[in-house]
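The values are calculated or read from the model by the stated rules, or taken from the named source; none is laboratory data. This one's a predicted model, so the numbers in the text were calculated from it and none came from an experiment. All Cβ positions, even for glycine, are placed from backbone atoms using ideal geometry, and neighbour counts span all protein chains on display. Protein only, heavy atoms only, side chains kept; ligands, DNA and RNA dropped before computing areas. Shrake-Rupley method; radii C 1.70, N 1.55, O 1.52, S 1.80 Å.
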Amino acid sequence: MEKQTYNNAVVRWIDDRLPIFSFMDHEYNQFPMPKNLNYWWNFGALATVVLVAMIVTGIVLAMHYTPHTSMAFDSVEHIMRDVNYGWLIRYIHANGASMFFIVVYIHIFRGLYYGSYKAPRELLWMIGVVILLLMMATAFMGYVLPWGQMSFWGAKVITNLFSAIPLVGESVVEWLWGGYTVDNATLNRFYSLHYLLPFVIVGVVVLHIAALHVTGSNNPDGIDMKGPQDSVPFNPYFTAKDSVGLGVFLLIWAAFVFYAPDYLGHPENYIEANPLVTPPHIVPEWYFLPFYAILRAITFDVWFIEAKLMGVLLMFASILVLFILPWLDTSKVRSCRYRPIYKWFFWVLLIDCVVLGWVGANKPEGMFPLIGLIGTGYYFFHFLILLPILGKIETPLPLPTSISESVTRRSGAPAGATAATGGNA
Amino acid sequence: MKKALILGLVACSLMAAPVQAAEDAEAPKSVDWSFDGIFGHYDRASLQRGMQVYKEVCAACHGMRLLAYRNLMDLGYSEAQVKAFASQYEVQNEDPNDEGEMFNRPALPSDRFVSPFPNEQAARASNGGALPPDLSLIVKARAGGADYIYSVLSGYAEAPKDLKKPDTLHYNPYFPGQLIAMPPPLTEGAVEYADGTKATVDQLSYDVTNFLTWASSPKLEAQKSTGFKVVLFLLVFTGLLIAVKKKVWSAVH
Ligand code: HEM
């Protein structure tokens, strides 16, 4: 890293001893970004903003929340009713979890569409999958804290899954619970971990971004930057562009917080947890619905594996398969722009995930179990069979020779004209 | 491609919509509430009437343990009125007296609403085994919200002839399962409104539902008016950011 010389004596003094100013200059001010990035590249920055907002609101909530089964529900209502702007803090946090998942799911599908998981970004991608797993654990435990009916029964159903593990299942579940049922010990450990994990996420995000700064960003054409004519410095170009996305995103978030704060939640969770009354229909939060569908997809024993265990295995496999995705996709071409066949299957996969979510939201009755089974089958077919084969048989379209050539061609402007293109999909 | 992705997201969010009340119940009536919409606010006169309905009718069976008497000042009552109101109820003092004995005293504005029954067993014993739920959060705790509560209260009907039902249950097409243990709580003229409003069943249901909605979401007005300012600010701010972005990128090609 090149050291800068600074005019300000204090800055120079610090930078000579700890070059944070040089570092920022190098990794932010001058960091080269492909100039053809479109708005789908906003979502990593948006995820970072949500993560920070969740931590800040979470810390304030923790000042007023009481992690005890007899007080948790009332302490949340105390926040809603008595704490100054408590309603605002809680609604930002509750809806923030949904926003986090929307943003990260878009971020992931962006990666799938433009092949961002391929060499040399495999590790960057895998770190991303770790973040996803940590987010899921954090969100799941956070939802238990208000100690409503869905909190309690959701926790019970999901922790009970581990009882499907042969031999040690029951002991594992008791170990998770810290007792013989979901109770105060469970609530306390979930609270402790819900406070801890976001900071672990911060650490992993730092690794994620460190890895990103080694390879640089992928781009909609999926070709490498070849020189300065292909890039612009992060600041001010992406500071400006990410800010636009942030403004729009905050508008959407605010619309939920102020005008539909309970829309994404479940009314049942405004009833205090009661171990003696099972709600008629236990459903997880929307962002877990596709996984919930996969969990319930198998209704028959497969060979010697019980149906329940099979469901659990598939649910975990549906995320773990993302870890080996870089090696399952055999195509050398990254971006869907130049993959005429895979492009369609990308959309089929997206629709498959939405359908699985729809199945997850409904009781497993009528046609839903069958749709769930087909959707689950397709999900694994896509990754395990389709991708390896497709890379071998598909003839990609010719790639542009460079990013700058692609930009000029797409904007339709002759080289040298001043066309204000941020690039678009 | 963008359009398709947005459609996908919309589909996602629709799926996540709260599952409506049980399939076998009638869809709730749709009411125009003053608290709906971007500028939503509570109708203070209706809240006060609704409070009267709760106090004179519902409080015989239902508690509202999350409300404190002081919260009633939100409805437009003075401190003195709230003090007088609270003092009609009796609560046990938190600390014993000098002889070490617990004693009762009149409730203060800082006390929470006194519930009609000391515990669940007592509540069930007085209601033929059914439990009248606490109403502090009832509007948020039911799919369909205020419309649903209003519909249940005003929607009791003659049971269909062929329906066999125990005498302790009452026919109400809006309640999941259609048989509810609560006897029709409201009848024409059940309370005498001080402001002369005619106490029809619809009016009573409307007023008490307004009151219950306020009890569930006491900060709704602050929420909506803050929201309006925040959204307005973000719109202007995002507009500026778009202009800045255009300017910054104008030289890139
Ligand atoms: C807490 C959640 C996350 C945060 C805060 C985050 C943050 C970021 C940021 C700031 C970038 C650079 C900007 C961009 O390219 O959009 C990025 C890039 C990337 N992220 Fe994430 N990310 C998160 C989760 C994930 C997950 C779950 C995955 C995948 C499973 C993932 C995969 C990637 C990849 C592959 C890139 C490089 C993209 C490219 O240059 O094309 N990220 N991330």
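Just a few scattered comments:
- Residue in segment A:119-128 that is surrounded by the fewest Cβ atoms within 10 Å (Cβ to Cβ), counting only those that are of a type in the set (A, V, I, L, M) and either closer than 30 Å to B:Leu67 by Cβ or more than 9 Å from the ligand (Cβ to nearest atom) (or both): A:Ala119
- Criterion: buried (at least 17 other Cβ atoms within 10 Å of the Cβ), farther than 21 Å from A:Val49 by Cα and within 16 Å of the ligand (Cβ to nearest atom) - qualifying residue of A:Ser116, A:Ser151, A:Ser98: A:Ser116
- Members of segment B:159-211 that are within 24 Å of B:Tyr42 (Cα to Cα) and among the aromatic types (Phe, Trp, Tyr): B:Tyr193, B:Tyr206, B:Phe211
- When A:Ile89, A:Ile20, A:Ile79 are screened for being in the same structural domain as A:Val202 (by TED's automatic domain parsing), of a type outside the set (D, E, K, R) and open to solvent by 20 Å² or more (accessible area, probe 1.4 Å), only A:Ile89 passes.
- Only one of the listed residues (A:Val257, A:Val277, A:Val248, A:Val283) is within 8 Å of chain B (Cβ to nearest Cβ) and open to solvent by 40 Å² or more (accessible area, probe 1.4 Å). That residue is A:Val248.
- Residue ID - farthest from the ligand (Cβ to nearest atom), chosen from residues in segment A:21-48 that are more than 14 Å from chain B (Cβ to nearest Cβ) and among the aliphatic types (A, V, I, L, M): A:Met24
- Evaluating A:Phe300 against the criteria (1) open to solvent by 20 Å² or more (accessible area, probe 1.4 Å); (2) within 11 Å of another protein chain (Cβ to nearest Cβ) leaves one unmet condition, (2).
- Annotation: of all residues in segment A:335-370 being part of a loop (DSSP other than H, G, I, E, B) and either open to solvent by less than 30 Å² (accessible area, probe 1.4 Å) or not assigned by TED's automatic domain parsing to the domain that holds A:Ile389 (or both), the one that is farthest from A:Gly265 (Cα to Cα) is A:Arg339.
- Residue in segment A:219-235 that is of a type in the set (A, V, I, L, M, F, W, C), within 12 Å of chain B (Cβ to nearest Cβ) and surrounded by 20 or more Cβ atoms within 10 Å (Cβ to Cβ) present: yes
- The residue list A:Ile92, A:Ile158 contains one member that is modelled with pLDDT of 95 or more and either more than 10 Å from the ligand (Cβ to nearest atom) or among the aromatic types (Phe, Trp, Tyr) (or both), which is A:Ile92.
- Residue check: A:Arg110 meets all listed conditions (1) part of a helix (DSSP H, G or I); (2) more than 10 Å from the ligand (Cβ to nearest atom); (3) buried (at least 18 other Cβ atoms within 10 Å of the Cβ) but one, namely (2).
- Test: A:Met135 is under 24 Å from A:Ile351 (Cβ atoms) and open to solvent by less than 20 Å² (accessible area, probe 1.4 Å): yes
- In the set B:Met102, B:Met73, only one residue is closer than 22 Å to B:Ser217 by Cα and either in contact (Cβ under 8 Å) with a residue 60 or more places away in the chain or outside the structural domain of B:Asn210 (by TED's automatic domain parsing) (or both); that residue is B:Met73.
- Yes/no for A:Phe100 being closer than 30 Å to A:Tyr379 by Cα and within 12 Å of chain B (Cβ to nearest Cβ): no
- Which listed residue, of A:Leu325, A:Leu309, is in contact (Cβ under 8 Å) with a residue 24 or more places away in the chain, surrounded by 15 or more Cβ atoms within 10 Å (Cβ to Cβ), of a type outside the set (Asp, Glu) and under 27 Å from A:Met99 (Cβ atoms): A:Leu325
Listed here are the residues, each with its yes/no results for (1) open to solvent by 30 Å² or more (accessible area, probe 1.4 Å); (2) polar (S, T, N, Q); (3) under 14 Å from the mean Cα position of the chain (by Cα); (4) modelled with pLDDT under 95.
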residue	(1), (2), (3), (4)
B:Leu47	no, no, yes, no
B:Arg70	yes, no, no, no
B:Ser78	yes, yes, no, no
B:Met102	yes, no, no, no
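- Leading residue by the ranking (nearest to the chain's Cα centre (by Cα)) among those in segment B:122-181 that are charged (D, E, K, R) and modelled with pLDDT of 95 or more: B:Lys140
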